[in-house]
Amino acid sequence: MTRHPAFVVVAAWGLFNGVLLAVLAVYGESSLVYWLWGGVVALLELAALAVLLSSLAGPEQHVGYRLPGRGGVAVLPAAVGLAVLGLGFVHGWWLLAVAVPLLGCALLLGAVRGRGAGDE
Amino acid sequence: MTEAATAPTTDSPDRRAVASGGWLRWLTTTDHKRIGLLTMGTALLLMLLMGLLALLMRGQLAQPEENLVAPGVYNQLFTMHGSGMIYLVMTPFAIGLGVYLVPLQVGAPAIAFPRATLLGFWLYALGALVMLSGFATSEGAHADGWFSYPPMADRQHSPGVGSDLWIVGVFLATVGMIIAGWAVLWTALRRRAAGMTMLRMPLFSWSMVATCLMVMGAFPSLLAALGLLAAGRADPSIFASNVWNIGYQHLFWFYGHPVVYVMFFPYLGAVAEVLAAFSGRRFFGYRGTVLSLLAFAALSMSVWGHHMFTTGQVANDYYSLTSLVLLVPAGVEYFGMVGTVLTGRLVFRVPMLFALAFIPQFLIGGLTGIMVGTPVIDYHVTDSYFIVAHLHYVLFAGSAFGLFAAVYFWFPKVTGLMLSERLGRIHFWLLVVGTNLTFLPMFGLGYVGMPRRVASYASFDGFGLLNLLASCGAGVLALGVTAFVVNVAWTFRKRTLRGPSPAPDDPWGAHALEWATSSPPPRLNFTPRHPLPPITSNAPLLDLRQRAASGAVPEGRASEGGAS
C-alpha cells in the first residue's frame with residue numbers, strides 16, 4: 001500500500017470518519033445521521049478506490065503529461081443551460097425549452113471541437 | 001478531453017510562454033491559472049459588494065432606534081451578506097487559490113479535468129448571479145439567514161421568489177465548488193511531477209488536500225438540504241413533521257461546520273508558506289502539521305451537532321467531546337506556526353504582517369469556539385452577538401487576514417507586478433484596527449444579551465456604546481479595503497503609464513516550486529528557461545539556495561530575489 005500513498009490518504013481519511021461514526025453510535029443518534037454519515041464514508045471509500053485504480057493504471061509521479069489541447073468552448077453554454085434548468089424550479093418548467101437546446105448546443109460544440117484543431 | 005502526452009520541460013509552438021489573449025479565450029480557457037484568476041477575481045468583487053451590505057447593517061445599528069433601512073430589508077442584508085461571504089466569497093476564493101497554485105506547487109503543467117474546472121467556475125459565477133438577482137424581485141432577496149431553517153424558510157413564511165432564487169443560486173455555486181474541488185484534489189494526488197512525493201508537497205497543497213476531502217465529504221449534504229428545502233416549498237406538509245425540520249438541520253450543519261474549515265485551511269496553508277518564507281527557514285514541524293491537517297479535517301466532520309445543542313435533540317456529549325478534541329490538531333498547527341517564527345530570521349514585509357496578525361486573531365476565534373462548543377456556555381450565548389463575534393474572528397480576523405497574506409504574497413507571481421509596500425502597510429494597520437474595533441465589542445454585546453439578527457434596539461437596552469464602536473470599526477475596515485483597492489488599481493495604472501516594472505521570479509526568497517518559474521508563469525508553468533528544479537524536499541528552492549551556498553550548484557540558479 002505504501003506504493004500508493006494517495007490512495008492510503010483518501011482511504012484512511014474515510015476510515016477515520018467511519019471510526020468517528022462508530023463512536024457516535026455508542027452515544028446514540030437518529031437514524032438519519034447514520035445514513036447521512038455512513039453514505040459519506042461510502043462515498044469517500046469509492047473516491048479512494050478511484051484513486052487506487054488510477055494509481056494502478058499510471059505512475060505515482062509523472063515525467064510526461066496529457067495536456068489540455070483545446071479551449072472549453074462547450075463549457076459556457078453547458079453552464080448556462082444548467083443554470084436555466086435550475087431557474088425552471090423558480091419560474092416554471094417551460095424554461096426547459098431554453099435549457100435543453102443550450103445543453104444540446106454544448107454537446108454538439110464539445111463533439112465538433114473535440115475533433116477539431118486545438119485553439120489554446 | 002486531452003491531447004498528446006508531453007514532458008513539461010520541453011518547448012514547442014504549443015508551449016507558448018503566455019496564453020493567447022482575447023476575452024473569449026479567457027471565458028473558455030482551460031489554463032488553470034486563468035480559471036483560478038477568474039474565480040478569485042469574482043470572489044474579490046463579490047467581497048466588496050458583501051462589504052457594502054455589511055456597512056449598511058452597521059449604519060442601521062450605529063444608534064438605537066435607527067431607521068436607515070426597514071426591518072425586512074435588514075433581514076435581506078444579513079442573509080445575503082452571510083450567504084454571500086460563505087458561499088460566494090471565502091469558499092470560492094479558497095478553491096480558486098488551489099486551482100491556481102496546486103498544479104504549480106506539485107510541478108504539473110496543468111490541472112486535472114480542466115474543462116470540468118472551468119464548468120465549476122461558470123456554475124459558481126452563474127449561481128452568484130441567480131442568488132443576487134433576488135434583490136431585483138418585487139418581494140426582495142431571501143431573508144432567512146445563511147442556514148435558512150424551515151419552517152421559517154418554507155413558502156408559507158417566506159413566499160418571495162427571492163428565496164427560490166437563493167436556493168437555485170446556492171445549489172449551482174456549490175456544485176461548481178464540488179467540481180473544482182475534485183479537480184484540485186485529483187491534481188495533488190495524481191498529477192505530481194517526478195520527485196514530488198506526498199511528503200514533499202508544500203503545506204499549502206496539503207491544506208488543499210484536506211480542504212478538498214472535506215468538500216467531497218460535506219458539500220453534497222448541502223445539496224441534499226437545499227433539495228429538501230425546495231421540496232418543502234413545493235409541498236408544505238413536509239415541514240409539518242419534526243423529523244424533517246431537525247433532519248434539515250442535520251443535513252445543513254453536516255455541511256455547515258466543515259465549510260468553516262474549508263474557508264480556513266487554505267488560508268492557514270498560505271500563512272504557513274508566508275511564515276516560512278519570511279522567517280528564512282523551513283516550516284517547523286512539517287510532518288506533524290500535515291498529519292494534524294488531515295486529523296483536523298476528519299474531526300471537523302464530526303462536530304456539526306454542536307450547532308444544534310439547543311434543539312435538545314442531538315447527542316450533546318459526543319459533539320461537545322469532538323469539539324474539544326479539535327484543540328489537539330489545532331494546537332499542533334499553532335505549535336508549528338509559532339515554532340517557525342520563534343526560530344526564524346524575520347522579515348516584516350506586508351504578507352508577513354498579515355500572516356503574523358492571523359496567529360493571535362484566529363486564536364481568539366478558535367478559543368471562543370471551544371467555549372461555544374460546550375453546551376452550558378452555548379445555551380447561554382446561542383443566537384446572541386457573542387456568536388457573531390466568534391464567527392467573525394474565525395472568518396474575518398482569521399481567514400480574511402490569511403486571504404490578504406496570500407494576495408500580497410502571490411500577487412507578484414500572478415501578475416508580474418509588485419504591490420506598493422506603503423499602501424499595503426496602510427491597508428494592514430487599518431484592517432487590524434478596524435477588525436478588532438468592529439468585532440471585539442460584539443463579544444460584550446452578546447454577553448449583555450443583544451440577540452443577533454435584530455434590525456434595531458431600544459435606547460434603554462444599553463447596547464448603544466458598543467454598537468457605535470462596532471460601526472466605527474466597520475468604517476475603518478472600509479477605509480482599509482479602499483486602500484487595498486487603490487493599491488491594486490494604482491499598480492496596474494502605473495504599469496500602463498510607465499511601462500512594465502516586472503517583479504522578479506522569486507521576490508521573497510520563497511521555498512515552493514511556483515517561485516522557480518517566471519512571473520507570471522507561462523502557459524504550461526515550466527519551460528526550458530524555467531525548468532523544474534530538483535525536488536528534494538517540501539522546500540526545493542531553499543534546498544537549491546543552501547546547496548548554492550555550499551558551492552554544490554551554480555549561484556545564479558539559486559539566488560534570484562530574496563526577502564530583504
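The values are calculated or read from the model by the stated rules, or taken from the named source; none is laboratory data. Worth saying up front: this structure is predicted, and the values here are computed from it rather than measured. Using ideal geometry, Cβ is built from the backbone for each residue, glycine included, and neighbour counts are taken over all protein chains shown.
Can you pull out the residues in region A:80-95 that are closer than 18 Å to B:ILE167 by Cβ and in a helix (DSSP H, G or I)? Walk me through it before giving the result.
Kept after step one, since they are closer than 18 Å to B:ILE167 by Cβ, are these residues of region A:80-95: A:82-93, A:95.
Matches in region A:80-95: A:LEU82, A:ALA83, A:VAL84, A:LEU85, A:GLY86, A:LEU87, A:GLY88, A:PHE89, A:VAL90, A:HIS91, A:TRP93, A:LEU95.
Out of curiosity, is B:SER501 hydroxyl-bearing (Ser, Thr, Tyr), closer than 25 Å to B:LEU45 by Cβ and either at pLDDT 95 or above or not in a helix (DSSP H, G or I) (or both)? Break it down stepwise before answering.
Values: hydroxyl-bearing (Ser, Thr, Tyr): yes; closer than 25 Å to B:LEU45 by Cβ: no; either at pLDDT 95 or above or not in a helix (DSSP H, G or I) (or both): yes.
Here the answer is no, as B:SER501 does not meet what is asked.
Return yes or no: is B:GLY269 of a type outside the set (D, E, K, R), within 12 Å of another protein chain (Cβ to nearest Cβ), in contact with a Leu (Cβ under 6 Å, 6 or more places away or on another chain) and part of a helix (DSSP H, G or I)?
Values: of a type outside the set (D, E, K, R): yes; within 12 Å of another protein chain (Cβ to nearest Cβ): no; in contact with a Leu (Cβ under 6 Å, 6 or more places away or on another chain): yes; part of a helix (DSSP H, G or I): yes.
No; evaluated as a whole, the condition is false for this residue.
Only one of these is under 24 Å from B:GLN76 (Cβ atoms), out of contact with any Phe, Trp or Tyr (no Cβ under 9 Å at 6 or more places or on another chain) and part of a helix (DSSP H, G or I): B:ALA489, B:ALA470, B:ALA478, B:ALA400. Name it. Before you say what the answer is, go through the steps one by one.
Numbers: B:ALA489 fails: under 24 Å from B:GLN76 (Cβ atoms); B:ALA470 fails: out of contact with any Phe, Trp or Tyr (no Cβ under 9 Å at 6 or more places or on another chain); B:ALA400 fails: out of contact with any Phe, Trp or Tyr (no Cβ under 9 Å at 6 or more places or on another chain).
Only one candidate passes the filter, namely B:ALA478.
Might you let me know whether region B:102-116 holds any residue that is among the β-branched types (Val, Ile, Thr), within 13 Å of chain A (Cβ to nearest Cβ) and touching a Pro at 6+ places or on another chain (Cβ under 9 Å)? So that I can check it myself, show each step before the final result.
Initial filter on region B:102-116 (among the β-branched types (Val, Ile, Thr)): B:102, B:106, B:111.
The next check asks that each one be within 13 Å of chain A (Cβ to nearest Cβ); those that pass are B:106, B:111.
Adding the requirement that they be touching a Pro at 6+ places or on another chain (Cβ under 9 Å) leaves B:106, B:111.
The answer is yes, given that some residue of region B:102-116 is among the β-branched types (Val, Ile, Thr), within 13 Å of chain A (Cβ to nearest Cβ) and touching a Pro at 6+ places or on another chain (Cβ under 9 Å).
Out of A:VAL9, A:VAL84, A:VAL80, I need the residue that is β-branched (Val, Ile, Thr), closer than 30 Å to B:SER320 by Cα and surrounded by 18 or more Cβ atoms within 10 Å (Cβ to Cβ). Which one?
Details: A:VAL84 fails: closer than 30 Å to B:SER320 by Cα; A:VAL80 fails: closer than 30 Å to B:SER320 by Cα.
A:VAL9 is the lone residue from the list that is β-branched (Val, Ile, Thr), closer than 30 Å to B:SER320 by Cα and surrounded by 18 or more Cβ atoms within 10 Å (Cβ to Cβ).
When only residues in region B:146-184 that are outside any loop (DSSP other than H, G, I, E, B) and hydroxyl-bearing (Ser, Thr, Tyr) count, which is surrounded by the fewest Cβ atoms within 10 Å (Cβ to Cβ)?
Filtering region B:146-184 for residues outside any loop (DSSP other than H, G, I, E, B) gives B:161-184.
In the following step, the residues that additionally are hydroxyl-bearing (Ser, Thr, Tyr) were identified as B:163, B:174.
Details: B:SER163: 27, B:THR174: 23.
Here the answer is B:THR174.
Filter region B:185-199 for residues that are within 10 Å of another protein chain (Cβ to nearest Cβ) and assigned to a helix (DSSP H, G or I); which is farthest from A:ARG66 (Cα to Cα)?
Quick first cut of region B:185-199, residues within 10 Å of another protein chain (Cβ to nearest Cβ) only: B:185-186, B:188-199.
Restricting the remaining residues to those that are assigned to a helix (DSSP H, G or I) gives B:185-186, B:188-190, B:198-199.
Numbers: B:LEU185: 17, B:TRP186: 14, B:ALA188: 16, B:LEU189: 16, B:ARG190: 12, B:MET198: 21, B:LEU199: 24 Å.
Residue satisfying both the conditions and the ranking: B:LEU199.
Take A:LEU53 and decide whether it is among the hydrophobic types (A, V, I, L, M, F, W, C), out of contact with any helix residue (DSSP H, G or I) (no Cβ under 7 Å at 6 or more places or on another chain), under 25 Å from B:LEU223 (Cβ atoms) and at pLDDT 95 or above. Lay out the reasoning, then the answer.
On the way: among the hydrophobic types (A, V, I, L, M, F, W, C): yes; out of contact with any helix residue (DSSP H, G or I) (no Cβ under 7 Å at 6 or more places or on another chain): yes; under 25 Å from B:LEU223 (Cβ atoms): no; at pLDDT 95 or above: yes.
No, not satisfied.
Restricting the first residue to region A:1-22 and requiring it to be more than 9 Å from every other protein chain (Cβ to nearest Cβ), which pairs with a second residue that is of a type outside the set (Asp, Glu) and crowded, with 19+ Cβ neighbours inside 10 Å meet a Cβ separation below 6 Å and a spacing of at least six or different chains?
A:ALA11/A:ALA48; A:GLY18/A:VAL41
List the number of the failed condition for B:THR517; all other conditions in (1) buried (at least 19 other Cβ atoms within 10 Å of the Cβ); (2) out of contact with any helix residue (DSSP H, G or I) (no Cβ under 9 Å at 6 or more places or on another chain); (3) among the polar types (S, T, N, Q) hold.
(2) is the only condition that B:THR517 fails.
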